[in-house]
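Every read-out reported here was derived from the displayed coordinates using simple, explicitly stated rules and does not represent laboratory data. Remember, predicted model here, so these are calculated numbers, not experimental data. Glycine gets a Cβ as well: all are built from the backbone with ideal geometry, and neighbour counts include every protein chain shown.
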Amino acid sequence: MKRNLYPQAQDESTSEEEELPPSPLDISVSSKTDSSSESENEENTNASVTSGDWVIVNMVSQRNLVHRYVGQVQGRSRSGYDIKFAKKINDIFFKWPAIDDISIIAEYQVIKKLPTPKVKSSSRRVISFEFPKSLKKFKIN
């Protein structure tokens, strides 16, 4: 009987996995495993995200496509973080869009805390933000 029960338990678990689409939490967990080391992930937990920090955020579209964006945390609310998103110039440089893009993002959508970028500006306005390393491996939109 043990032999008959064991294969049935495996079949049930695989059929459940096939039927259920990945949750946003699963997507963020799988994204964290893409980092080069586990110690980086421990340093970049959501608990360490505070106002003024730069983060990478997962956003799922209506077609269940995952898009990643860079933004600065403006504050924290009951629902998550208030994040002001930057517009991508290339894999290192970002700038603020003409119209502020601020959204409330759930904690599980924040996948990585970034180092503070260097601000490139003129006397009139901020021109761009330069991150010390390329963000190409994160496939930022």
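Out of residues 5 or more away from Gln74 or on other chains, whose amide H comes under 5 Å of its own, with H placed 1.01 Å from N in the peptide plane?
Gly52, Asp82, Ile83, Lys84
Select from segment 52-112 those trypsin sites (Lys or Arg not before Pro) which occupy a DSSP coil region and have at most 14 other Cβ atoms within 10 Å, ordered by residue number.
Of the trypsin sites (Lys or Arg not before Pro), the ones in loops of segment 52-112 whose Cβ has at most 14 other Cβ atoms within 10 Å are Arg63, Arg78.
Determine ³J(HN,Hα), in whole Hz, for all residues of segment 104-112 in sequence, where each value follows from phi through the Karplus function 6.51 cos²θ - 1.76 cosθ + 1.60 and θ = phi - 60°; x replaces Gly and Pro.
After applying 6.51 cos²θ - 1.76 cosθ + 1.60, I find 8, 10, 5, 4, 5, 7, 7, 9, 7 Hz.
List the residues, sorted by chain then number, that are 5 or more residues from Trp96 or on another chain and whose placed amide H is less than 5 Å from its amide H.
Answer set, sorted by chain and number: Lys87.
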